[in-house]
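**Student:** Following this message is one structure expressed as structure tokens.
The values are calculated or read from the model by the stated rules, or taken from the named source; none is laboratory data. Just so you know, these numbers come straight off a predicted model, no measurement behind them. Here the Cβ positions follow ideal geometry from the backbone for every residue, glycine too, while neighbour counts run over all protein chains shown. These accessible areas exclude ligands, DNA and RNA; they are computed on the full protein's heavy atoms, side chains included. Shrake-Rupley method; radii C 1.70, N 1.55, O 1.52, S 1.80 Å.
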Amino acid sequence: RRLEAEIAKLERRQQAVERNTARSLGTASLDLAALQSRLGGDRVLVEYFEMEGRFGAFVLEQDELRVVQTDVQRKDVENWRSQFESQLRTFRHGTAVAGPLASVLKKRTDQLLTTLGERLVGPLGVNGSAKSLIVIPTGPLFSVPFSALRFGEEYLIERHAVSLAPSASMWLGLAGRKAQKNLNAAVIGHSDEAIPFAEDEAREVAAILNSRKALTGPAATTEAFKLAAESAGLLHIACHGLFRADNPMYSSLQLADGRVTAADVAKMRLNAELVTLSACETGRSEIAGGDEMLGLARGFLAAGAKGLVMSLWNVSDRHTIGLMREFYTAMQRSANAEASLQSTQVEMVAQGLHPYFWAPFCYIGS
């Protein structure tokens, strides 16, 4: 732990030097015209910022850039997050515990999601006809499930396919990567007492994807993961995830013979069109200076992944099997991860399911 803390300190110092160097050389620029061209007419990019304690946003469309100020303050988001996590904790004791109170819990959660949605996204004036909404959060907004924010009687995911990105320049870079035609799939699954259904999920996903590389049980080792991942076009990992708030680049995935950390992944060379991390809190990140994301998302993007499906909180592995089944079935039809996740989540909304079951999963990519 002492050595890890020292490494984290050095990494933060290195990032500060790199940012200061970029500013002094005048290289921290973004080609706005290229970004608008890539967005096209059916996508809107929203990049949040914080100024004098309040959140605002740059709203970019194909032919317009506007700046919008909201009345949401940092303390409002932190208070909202505390209340929202309190609602989710009921389900972490087992869905059976929440069963008799399901309708009451869903009503309370929806009220919270409406309160923040109408103040944080409502003022942006995003056209309802836009097919896709790309959200670049800032600070505490990285922990907000944007897909589940509500307007009136609708969740945001019912209006738009929602994706996240660490920054506008990174989104543009990911969008510019050449798409892979040969999407050979590698599937890894490792169960333990806390998540007994992870290997069942892996086997079901492997069958849908017709994967020849399905590693479960004792075969799901760290070395086997690295070999399979580096040649995969689609990579699905179902296992126990650990987020390390004290040192986020040591957040990890638990496999049969040990852990693979975000720092380990960042050293790999991936060529994956999509990586799905079906584990707890894989999408959580610690935000360093300049909104630098530190965590498993940073590791996989640095390694070369073009798109990620990750989770924002502890998920139910029993219910996640159904979500992943529908997601990959939809992927077989469209090969579009963003749209496939949207259709899956909208179907779960139609079933009346609490956001706990579908809202943790988000798409990060172009």
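**Student:** Most fluctuating residue of I195, I134, I237 in a GNM of the chain with Cα springs under 10 Å: which is it?
**Tutor:** Highest fluctuation among the options: I195.
**Student:** Same structure again: Say a paramagnetic label sat at a point 7 Å from the Cα of L30, along Cα to Cβ; which residues of the stretch 59-88 have their backbone N under 18 Å from it?
**Tutor:** Correct set: 59-70.
**Student:** Please work out how much length the chain gains when fully extended from E193 to F49, using 0.36 nm per residue of separation minus the C-alpha to C-alpha distance, in nm with one decimal.
**Tutor:** My answer for the length gained is 47.7 nm.
**Student:** Under Stokes-Einstein, with the Kirkwood radius over Cα pairs standing in for Rh, what whole-number D in µm²/s applies to the chain at 10 °C and 1.306 mPa s? Kindly include the intermediate steps, with their values, before the conclusion.
**Tutor:** Numbers: Rh = 21.0 Å.
Estimated diffusion coefficient is 76 µm²/s.
**Student:** Can you give the relative contact order of the chain as a percent, counting alpha carbon pairs under 8 Å and 6+ residues apart?
**Tutor:** It rounds to 14 percent for the chain.
**Student:** Got a number for carbon plus sulfur as a percent of the chain's accessible area, 1.4 Å probe?
**Tutor:** The value for the chain is 48 percent carbon and sulfur by accessible area.
**Student:** Aspartates and glutamates within cross-link reach of K75: Cα-Cα under 15 Å, excluding same-chain residues under 8 positions apart?
**Tutor:** Partners within reach: E50, E52.
**Student:** Considering only the chain, what is the antiparallel percent among its DSSP beta bridges, to the nearest 5?
**Tutor:** Of the beta bridges lying entirely in the chain, close to 55 percent run antiparallel.
**Student:** For the stretch 191-279, what is the percent of antiparallel DSSP beta bridges, rounded to the nearest 5?
**Tutor:** Among the beta bridges of the stretch 191-279, antiparallel pairing accounts for roughly 60 percent.
**Student:** When the helices in the chain are scored as -39500 (n - 2.57) per DSSP H run of 4 or longer and the sum is shared across all residues, what 222 nm value do you end up with, to the nearest 500 deg cm²/dmol?
**Tutor:** On the way: 14 runs with 155 residues, N = 366.
The per-residue figure over the chain is -13000 deg cm²/dmol.
**Student:** Which of the residue pairs K131/K213; K131/K178; K226/K306 have a Cα-Cα distance greater than 26 Å in the structure shown? Intermediate results must be reported in sequence, preceding the final value.
**Tutor:** Details: K131/K213 34 Å; K131/K178 22 Å; K226/K306 17 Å.
Long pairs (Cα-Cα over 26 Å): K131/K213.
**Student:** Pick out the long, greasy-scoring helices in the chain: whole DSSP H runs spanning 18 Å or more along their own axis by Cα, mean Kyte-Doolittle at least 0.0.
**Tutor:** Qualifying helices, which must be both long enough and hydrophobic enough, are 337-350.
**Student:** Between S143, S86, S163, where does the largest GNM mean-square fluctuation fall for the chain, given springs only between Cα atoms within less than 10 Å?
**Tutor:** Residue with maximal mean-square fluctuation among S143, S86, S163: S86.
**Student:** By how many nm would the segment from S334 to F151 grow when fully extended, if each residue of separation counts as 0.36 nm and the alpha-carbon distance is taken off? Provide the component values of the computation, followed by the final result.
**Tutor:** Working: separation 183, 0.36 × 183 = 65.88 nm, distance 2.79 nm.
Here the answer is 63.1 nm.
**Student:** Once you put a point 7 Å from the Cα of E347 and another 7 Å from the Cα of S86, both along the Cβ direction, what distance in nm separates them?
**Tutor:** Reported label-point gap for E347 and S86 is 3.6 nm.
**Student:** So how much accessible area does T115 have, in Å² to the nearest 10, using a 1.4 Å probe?
**Tutor:** Spelled out: T115, probe radius 1.4 Å, area about 80 Å².
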